[in-house]
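**Q** Just passing along the structure, written as structure tokens.
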Ligand SMILES: [Zn+2]
């Protein structure tokens, strides 16, 4: 009996599909293999989740390389940097004031 029932060895089916996902996304597979993996993804939610995650990750990386950072993210990063700058400015101002006070006290006595 040579029938390859996908449900007989679900684990190796999934391993195979996930192993090929990278080639799949690179478009490095033959049409036959692509159809095979698409079928598996349709039938196997866990593998589809892996695929979705990888695909999303690739999108993020692709966007990053094109330097098209989403507007919301850029604002958040800018705000965080500004916040840090304010903090360090505040710290150095406080230090200045402390030093000035010490100097004044030193002069008074
Ligand atoms: Zn699977």
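What follows is calculated from the coordinates using simple rules that are stated; it is not laboratory data. A quick note: this is a predicted structure, and the numbers were derived from the prediction, not measured. Glycine gets a Cβ as well: all are built from the backbone with ideal geometry, and neighbour counts include every protein chain shown.
**Q** How fast does the stretch 9-68 diffuse by Stokes-Einstein, in µm²/s, taking the Kirkwood radius from C-alpha pairs at 37 °C and 0.692 mPa s?
**A** Estimated diffusion coefficient is 271 µm²/s.
**Q** Could you sort the peptides 39-52, 72-85, 20-33 by per-residue average Cβ neighbour count (10 Å cutoff), highest mean leading?
**A** Working: 39-52: 14.7, 72-85: 10.1, 20-33: 12.9.
Sorting 39-52, 72-85, 20-33 by mean packing, highest first, produces 39-52, 20-33, 72-85.
**Q** Within the P(r) computed for the stretch 70-109, what percentage of the Cα pairs occupies the region above 16 Å?
**A** Tail fraction, whole percent: 56.
**Q** Hey, rough spin-label estimate for residue 54 and residue 28, points 7 angstrom out along Cα→Cβ, what's it come to in nanometres?
**A** 1.1 nm
**Q** For residue 15 and residue 73, what is the calculated FRET efficiency with R₀ set at 41 Å and r taken between the beta-carbons, to the nearest 0.05?
**A** Approximately 0.75, to the nearest 0.05.
**Q** Right, something else. Describe numerically, in nm with one decimal, the distance between label points set 7 Å from Cα along Cα→Cβ at residue 39 and at residue 97.
**A** The answer from the label model is 7.3 nm.
**Q** Something else about it: By how many nm would the segment from residue 62 to residue 104 lengthen if fully extended, with 0.36 nm per residue of separation less the alpha-carbon distance?
**A** 9.3 nm is the gain from fully extending residue 62 to residue 104.
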